[in-house]
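The values are calculated or read from the model by the stated rules, or taken from the named source; none is laboratory data. These numbers come from a predicted model, not from an experiment. Ideal geometry is used to build each Cβ from the backbone, glycine not excepted, and the neighbour counts take in all protein chains shown. The area values use the complete protein model at the heavy-atom level, side chains included, leaving out ligands, DNA and RNA. Shrake-Rupley method; radii C 1.70, N 1.55, O 1.52, S 1.80 Å.
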Amino acid sequence: MSTTSHRRVDTNLEKMPGHWVLARMGKRVLRPGGVELTLGMLDALAIGARDRVVELAPGLGRTARLTLERGPERYVGIERDEAAAETVRRLLRGPHQTCRVGTAEATGLDAGKASVVYGEAMLTMQNARTKAAIVAEAYRLLEPGGRYGIHELGLTPDDVSQERKDVVLRELSRTIRVNARPLTTPEWRAVLEDQGFEVVAERTTPMHLLEPRRLLADEGPAGVAKILFNVARHPAARKRVIGMRRTFRRHRDVLCATMLVARKPKPAEPS
C-alpha cells in the first residue's frame with residue numbers, strides 16, 4: 001500500500017465509529033459481552049429446528065453463523081448497510097435463509113410470523129424513542145409465545161448516579177464516535193416490558209471487549225496476531241484503539257455487558 005493510501009485509510013479511521021475501526025483491524029467479535037454472552041443469549045432463546053428466526057443488524061454475521069449451526073427452519077437478517085448484508089448472505093445456504101436491507105424499527109416483514117427475534121449491540125446506539133420503536137417492531141414480528149433476545153452495553157450498579165452516567169456517556173461518545181446510551185439492567189428490562197414483553201432470563205458480565213483474555217477467547221491466537229499487526233500498521237487505528245481501551249478501563253466499575261431474553265405473552269385462555 002502506498003504512503004498516500006495509508007494516509008487516506010488513517011484519515012477514515014480517525015472519523016469512523018469505533019466498532020468499524022475494530023472490524024477494519026480484523027476484529028470479528030464486536031459484541032460487548034463477547035462470544036460467551038452471545039452463546040448465553042442463544043442458549044436462553046433455545047433456537048431449534050422449528051424456529052423462524054429474525055436477526056436485527058447482523059453486522060459481520062458472527063452470530064448468524066452460530067444461529068445457523070442450530071438448524072432453524074428459517075433465518076432472516078435485517079441489515080441497514082448493503083455491504084454488511086452481502087457479507088451475511090455469503091454465509092447463507094438454502095431457500096429459507098436470507099438477509100434483507102432494512103431498518104430494525106421498520107423491517108417490512110409480516111407480523112406474527114417469527115418465533116425468535118434478537119439483536120446485539122445496536123439498541124445501545126439509539127435514543128429512547130428509537131429503542132422503543134425497535135423493541136415494538138420485535139414484538140410485532142413475533143408470534144404469541146415467541147422469544148426476543150438482546151445483548152447490549154450496560155451500566156452497573158443499578159443505582160449508579162445520573163452524574164456518573166453523564167460522564168460515562170460523554171466519554172464513550174467522544175471515544176467511539178457514536179452517541180452510545182447504555183442502561184442499567186432494570187432500565188433495559190423496562191424498555192422490554194414497556195412494549196409488552198415478559199423478561200424470562202437475564203445475565204451480566206464485565207465489559208472486557210479489548211482486554212487480553214477476552215480477545216483471546218473471542219478471536220483466538222491467530223486472530224489476535226492479525227489485529228495487532230494491522231493496528232501496528234495504522235497509527236490512527238492504534239490511537240483510536242488505545243483511546244477506547246483507556247475509556248473502558250477508566251469506567252470499568254460501571255460498564256458491563258447485559259443480556260436479556262423476553263417472551264411475548266400468549267393470549268389468556270377463556271375461563
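Please state the charge dipole magnitude for region 45-138, taken about the Cα centre, from unit charges on C-beta atoms (+1 on K and R, -1 on D and E), reported in debye and rounded to the nearest 20. Magnitude of the dipole: close to 200 debye.
Per residue, the convex hull spanned by the alpha carbons of the chain comes to 134 Å³.
Counting only Cα atoms, region 1-135 measures 53, 35, 28 Å along its principal axes, largest extent leading. For region 158-271, the fraction of 1.4 Å probe accessible surface lying on carbon and sulfur atoms is 52 percent. Using all pairs of distinct alpha-carbon atoms, the Kirkwood hydrodynamic radius of region 175-259 works out to 15.1 angstrom. Semi-axis lengths, largest first, of the ellipsoid equivalent to region 81-132 are 22, 15, 10 Å, with √(5λ) applied to each eigenvalue of the Cα gyration tensor. Only lysines eight or more places from K15 in sequence, or on another chain, were considered; those with a Cα closer than 20 Å are K27, K239.
Taking only the C-alpha atoms of region 197-236, Rg followed by Dmax gives 15.4, 48 Å.
Projecting the Cα atoms of A136, G112, T124 onto the charge dipole of region 110-162, computed from C-beta unit charges around the Cα centre, puts G112 farthest toward the positive end.
For region 218-265, the Kirkwood estimate of the hydrodynamic radius, built from every pair of different alpha carbons, is 13.5 Å.
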